[in-house]
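Values quoted throughout were computed directly from the atomic coordinates according to the rules given, and no laboratory measurement underlies them. This is a predicted model, so every value here is computed, not measured. Reconstructed Cβ throughout: ideal geometry from the backbone, glycine too, with neighbour counts over all protein chains shown.
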Amino acid sequence: MKKIILFLMMMMLFGCTQKDETQKPTQNRTYNDGTYTTSAMGYGGEFQVELTLKDDKIQDIVVKEHNETPSIGGVALEQMIETMKKENTYDVDTISGATKTTQGLKDAVKSGFAKAKNQ
């Protein structure tokens, strides 16, 4: 009985807390969350790019209407977007045969990151 009372007294003296698993630790983020619109110059002309960031990660990259050849530039854009999202960076290899288009996309996403920079 004395052990139980001693244990209860120790619990009252030192307290008993539980860690709240729902709270995220406060972090300094490099980029502000949001969607940032930029433009790119491709083989077929200028097109708009929307970069969406959340928690310093690429959530989505959307290329608006463009005049790139669907079977060349269009496919290259889709491949680049998937790679950028997977690697969470704009600094990926361009695609041969659609160099101007994919370099334009890289530049536009890089510009989006610059706009999102937390200052």
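Expressed as a fraction of 2.2 N^0.38 Å, the value expected for a compact globular protein of N residues, the C-alpha radius of gyration of region 32-116 is 0.98.
Loop-only trypsin sites (Lys or Arg not before Pro) in region 31-119, please: DSSP not H, G, I, E or B, and at most 16 other Cβ atoms within 10 Å. The partial results should precede the final answer.
On the way: sites: Lys54, Lys57, Lys64, Lys85, Lys86, Lys100, Lys106, Lys110, Lys115, Lys117; in loops: Lys64.
Taking region 31-119 and a limit of 16 other Cβ atoms within 10 Å, the loop trypsin sites (Lys or Arg not before Pro) found are Lys64.
The fewest-to-most ranking of Leu105, Leu77, Leu53 by surrounding Cβ atoms within 10 Å reads Leu53, Leu77, Leu105.
Remark: the Gln59-Thr89 segment gains 9.7 nm on full extension, using 0.36 nm per residue and subtracting the alpha carbon distance.
With 21 Å as the limit, the listed pairs Lys57/Lys100; Lys57/Lys117; Lys64/Lys115 have Lys57/Lys100 beyond it between alpha carbons. Of the residues Thr37, Thr101, the one with the fewest other Cβ atoms within 10 Å heads the list, and the complete ranking is Thr37, Thr101. Exposure proxy ranking for Met80, Met41, based on other Cβ atoms within 10 angstrom of each Cβ and starting from the fewest, stands as Met41, Met80. Label positions at Thr35 and Lys100, each projected 7 Å from the Cα along the C-beta direction, are separated by 2.9 nm. Subtracting the Cα-Cα distance of Asp107 and Asn28 from 0.36 nm times their residue separation leaves 25.9 nm of extension gain.
Applying both filters, DSSP loop and at most 12 other Cβ atoms within 10 Å, to the GluC sites (Glu not before Pro) of region 44-119 gives Glu65.
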